[in-house]
Amino acid sequence: MTDDHEIRRSVEELRLTFKSGKTRSGDWRKAQLQAILRLVHENEDTLFRLLELELGKHPVESYRDEVGVIKKSADHALACIDQWMSPKKGRLPLVFFPASGKVLSEPLGVVLIIGSWNFPITLTLDPLIGAISAGNAVVLKPSELSPNCASFLANVLPSYLDPKAVKVIEGGREVANRLLEYKWDKIFFTGSPKVGRIVMAAAAKNLTPVTLELGGKCPVIFDSLPNSDLKVAVKRVASGKWGACAGQACIGIDYVIVEHKFASTLIEQLKKTIKRFYGDDVKNLKNHSKIINKNHFDRLRSFLEDPAVANCIVYGGSFDDTSLIIEPTILLDPPLDAEIMNEEIFGPLLPIITVDNIEESVEFVNSKPKPLALYAFTKNENFKKRILAETSSGSVTFNDAMIQFVCDDLPFGGVGQSGFGRYHGKYSFDTFSHEKAVLERSFYFELEPRHPPWSRFKLEFLRAAYNYNYVGMLLLFLGLKRVSKS
Amino acid sequence: MLVHDNFHTRYPTNHSSSHRHHRSICLQTHASINRSILTTTMASEDSTAPAVFDTDAANCLTKELRSTFLAGKTKSYEWRSSQLKSLLKMLDDCEKQICDALFSDLAKPEMEAYIHEIAMIKSSCKVALKKLKDWMKPEKAKTNLGTFPSSAEIVPEPLGVVLVISAWNYPLLLSVDPVIGAIAAGNAVVLKPSELAPAMSSLLAKLLGKYLDNSAIKVVEGAVNETSVLLEQKWDKIFYTGNGRVARIVMAAAAKNLTPVVLELGGKSPVLVDSNIDLAVTSRRIVGGKWGTNNGQACVGPDYIITTKQYAPVLIDSLKHNLVKFFGEDPMNSPDISRIGHDRHFARLKKLLDDDKISGKIIHGGQTDKSSLKIAPTIVLDAPEDSLMMSEEIFGPLLPIVTVEKIEDGIEFINSRPKPLAAYLFTNNKQLKEAFVSSVSAGGVVINDVTLHLMVDTLPFGGVGESGMGAYHGKFSFDAFSHKKAVLYRSFYGDAPARYPPYTPGKLRLLKALLDGSLFGIIRALFGFS
């Protein structure tokens, strides 16, 4: 438990470090990124063990979704950081001549990153890579719901990264609330909309900008596909639903929309794939994560307590209290007013909603808050265009799921209820930077009509200047053009 | 009574016409369920009870705009460009009315009205019209080996229904410039102009009603109550220009609905003046930027000057000289200088002047006239750091001059205070310039001039820290009102089995290679070499 005094001391130390200018240098930033690479490399086995212990993640899953992601992000940042840090030129109109304009990215200062428990390494270290690349001092607060990973970060991070500039503060809600009372230059939060609101309200007191990475019910629009494509598509759906932390992922699939006539084909294929990927014995599921804790386990079970919902189970439905594992579960057409269709599921339950025509899925998706991700499996180009133009979500992925997360060139972030602000690649750098506009002028060539006392001539001259009418300006200057009288 | 040529309503007001009007918004929106309101409206027709812009009225308003937005009307290029063209036409047609309103609200000289407000938004409109097609185009994004084969793009999409709350000091510019961004990005907009510039507020309501699409763009006039009612609504973006105190209220209200905000605030923007400079040009630029720019009532206006002890007298002489040149011997009666915006603001500035801590330090000006709301250009030498004038944003014609031993100490002085919206430096010293640019944090930095960065549409305009968050102007305005949707296209081919269970050590090796982007590693892993 971190006490008030310790938090204050940490924050004060970070302010001093930032003020010293140490974190601004390119060399410092690179050294820290390299240290992150070393950290995940040298502790790979420990991380695999902790993630397995805490969430039942298979090492391959842990590598794909956590260790590997951090490695890739840090590598990318190292390769690009010089370019990111260099000022961008701004083009200037001739009336400003002689002058130069540029946009300089500068660090915001001391920032707070609040991580989440479902990807306890990725969702703390990935934003950290952005914050460091941009030259900030950082407090990292990992989630108390994955305490082993949190302690690992608290114990191990200081021996790799500069402990005067990057601090890990462990704790639960109380510590989070205390941290939120401090003045930060940015708060980066990953979690639920409910806590997102609290974070933003706290940030408002200090005018602190926030990035909120939330979730939402990410739909899959599943068009009727020929058999060969169906197999690939279903593998991707199964992996996007159950393969990443057993559905406990912000971009994980929440539900599927399919045409009525195609539903049974889809369900049969899903069942086959589940058996192949995970087996069919809840006591002996392979390659499948567990639910983080009893609370979440019970929350998921309560979705099925409504008999109208329970009756819709077409596959699975077993819960193992001791291991906190829930079998991959498929529900066909649960009532639309049931909780399971109105809250983010965040677990291995998959409702399938049928429609007469797949085009109706657009209205269905639009009747719900904007999700973080939308997935559509279709070969119909017109339908793709329609989905893009008529729905709104953080991202859209066609014919796959989850994979957009590893594209460094794509901004990752929500819209509406799924949050705001974005990161990954250069966007992470930008999220933690202030883009300072810098305009430099010389003392020569003063445009006198800028200044009072005002006259008709000056007005006409400036009209020409604003229209970039250089000939007009010249004529006026030389007295060759009459000033209109009005 | 359903036929009205003026779509806006001014709240609160005793005019029964306004009352009629806001009810009619409801009637148009959902006429079927509003028979009772119609009856009420009819009944209250003769009463003099003021129409209140209450939650019901706000619900009606956002409901109508949301239905327009959902119908997709505002998304098309044609709609966006037609609205921007109408705005341009409005500015051409109504230049005189606009200048009159600015004169009535601020005694703003016509030249200032033209350069700083009308011409600025005309140029914003033109830039947006010229670039809109480019801005709207999806931007290609690179994909990596891990997702091969695939293609990716970033599609800008409108956020939805947005709220713009504007300020009184540049009541046209600060209202219309964000609205241009909101329209260019394809949003439906509510504009709440400042009640402290009443002439411009009602003119905007009238003109935007006449020139723009009323089903997507609305003006709500009013003060604190109306703003509070508006802030209870769910918006997809709130763009606020004003002060830090209200900004905190706006952001806290936005938090309830997870609404992103742009906060354009101000702060004490410093001018650091070195001694190795072209004094004549420097002093003209400072005088023009301070008193020739709405008489100091500008968010990017110079707030105070820092210079060395030795140089201060030289600089002050030159400033005085240019003040006379620009505004004459009697600036209180100069037609070329704006007046103070309103009573409350005048009283605040008077308090800064009457502060005991600066008595005897006023070395130029100091005259005030409550009846005409005029304050003369005033220079104060060595105002103590704890004086009111040095503690809050001045936002008026008072210019304190802080002296330091060495010019470099100025940077320290600036950095010991909250981050300002702008920081200015006049120098010919390259090292000082570099130190200033790299170590002073401010929304924008201008070397050897003041306020000019505001006019460059290729530079983002916005604050940092206490001076706000988010940026606009040019493409940045479009971005401020857009969501950048990440889109990834995959085919059904090229599936890496390593992604899926059952997991094996070989799959781990392949994944490592894939995420590494190392082709050699992938081949090795595929062939089973580790």
Practice task
Let me know the shape class of segment A:1-95, please: from the alpha-carbon gyration tensor, a ≥ b ≥ c as square roots of the eigenvalues, rounded when a/c is under 1.5, otherwise prolate if a/b is greater than b/c, or oblate.
Solution key: oblate
Practice task
Take each of the peptides A:112-122, B:381-391, A:430-440, average the number of other beta-carbon atoms within 10 Å over its residues, and list them starting from the highest.
Solution key: A:112-122, A:430-440, B:381-391
Exercise for the section: Would you tell me the mean number of C-beta atoms belonging to other protein chains that fall within 10 Å of each C-beta in B:287-297, as a whole number? Expected result: 1
Exercise for the section: Counting only C-alpha contacts under 8 Å and six or more residues apart, can you give the relative contact order of segment B:270-466 as a whole percent? Expected result: 26 percent
Exercise for the section: Would you work out the charge dipole size for segment B:270-466 about its Cα centre, treating the Cβ of every Lys and Arg as +1 and the Cβ of every Asp and Glu as -1, and quote it to the nearest 20 debye? Expected result: 340 debye
Exercise for the section: With unit charges on the beta carbon (Lys/Arg positive, Asp/Glu negative), name the residue among A:Thr329, B:Leu230, B:Leu102 whose Cα is farthest towards the positive pole of the charge dipole of the protein assembly as shown. Expected result: B:Leu102
Exercise for the section: Work out which helices of chain A, taken as complete DSSP H runs, extend at least 18 Å along their axis over the Cα atoms and score a mean Kyte-Doolittle of -0.5 or more, then list them. Expected result: A:26-42, A:68-85, A:147-160, A:193-205, A:227-242, A:263-278
Handout entry: Which of B:Phe395, A:Gly172, A:Leu33, positive extreme of dipole for the protein assembly as shown (C-beta unit charges)
Key = A:Leu33
Fill in the blank from the handout: On the formula 1/(1 + (r/R0)^6), with r taken between the Cβ atoms of B:Ser151 and B:Lys96 and R0 of 56 Å, the FRET efficiency rounded to 0.05 is 0.60
Problem - Computed helical MRE - 222 nm, chain B, DSSP H runs ≥ 4 contributing -39500 (n - 2.57), nearest 500 - result: -13000 deg cm²/dmol
Problem - Computed magnitude of the charge dipole of segment B:283-358 (debye, nearest 20; Cβ of K, R +1, Cβ of D, E -1) - result: 200 debye
Completion exercise
Across A:193-202, the residue-averaged tally of Cβ atoms belonging to other chains within 10 Å stands at 3
Handout entry: Estimated vicinal HN-Hα couplings, Hz - segment B:241-251 in sequence order (Karplus 6.51, -1.76, 1.60; Gly, Pro = x)
Key = 10, x, 10, x, 5, 5, 4, 5, 5, 4, 5
Completion exercise
Given the candidates B:Ser175, B:Ser491, B:Val219, the one whose Cα lies deepest towards the positive end of the charge dipole of chain B, counting +1 at each Lys or Arg C-beta and -1 at each Asp or Glu C-beta, is B:Ser491
Practice task
Please report B:Glu405, A:Glu13, A:Glu268, A:Glu106 as a ranked list, fewest other C-beta atoms within 10 angstrom at the top and most at the bottom.
Solution key: B:Glu405, A:Glu268, A:Glu13, A:Glu106
Practice task
Quick one: grab the alpha carbon gyration tensor of chain B, order the square roots of its eigenvalues as a ≥ b ≥ c, and give me rounded if a/c is under 1.5, else prolate or oblate depending on whether a/b is larger than b/c.
Solution key: oblate
Problem - Relative contact order (percent, whole number), chain A, Cα cutoff 8 Å, 6+ residue spacing - result: 17 percent
Problem - Cleavage-rule hits (trypsin sites (Lys or Arg not before Pro)) in segment A:173-281: DSSP loop, at most 16 neighbouring Cβ within 10 angstrom - result: A:Lys183
Fill in the blank from the handout: If amide H atoms are modeled at 1.01 Å from N in the peptide plane, then the residues at a separation of 5 or more from B:Val262, or on another chain, having amide H under 5 Å from its own are B:Ile238, B:Phe239, B:Tyr240
Exercise for the section: Within the set of other residues whose C-beta is less than 10 Å from the C-beta of A:Val282, count the net charge using Lys and Arg as +1 and Asp and Glu as -1. Expected result: -3
Problem - Cα gyration tensor, segment B:270-466 - rounded (a/c under 1.5), prolate or oblate - result: rounded
Problem - Qualifying GluC sites (Glu not before Pro) for segment A:96-176 [loop in DSSP, other Cβ within 10 Å: at most 16] - result: A:Glu144
Problem - Test item: Cα-centred dipole of the protein assembly as shown, Lys/Arg +1 and Asp/Glu -1 on Cβ, debye - result: 1900 debye
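The numbers here are math on the coordinates, done by the rules we state, and not lab data. Since the model is a prediction, treat every value here as computed from it, not as a measurement. Cβ: placed from backbone, ideal geometry, glycine included. Neighbour counts: every protein chain shown.
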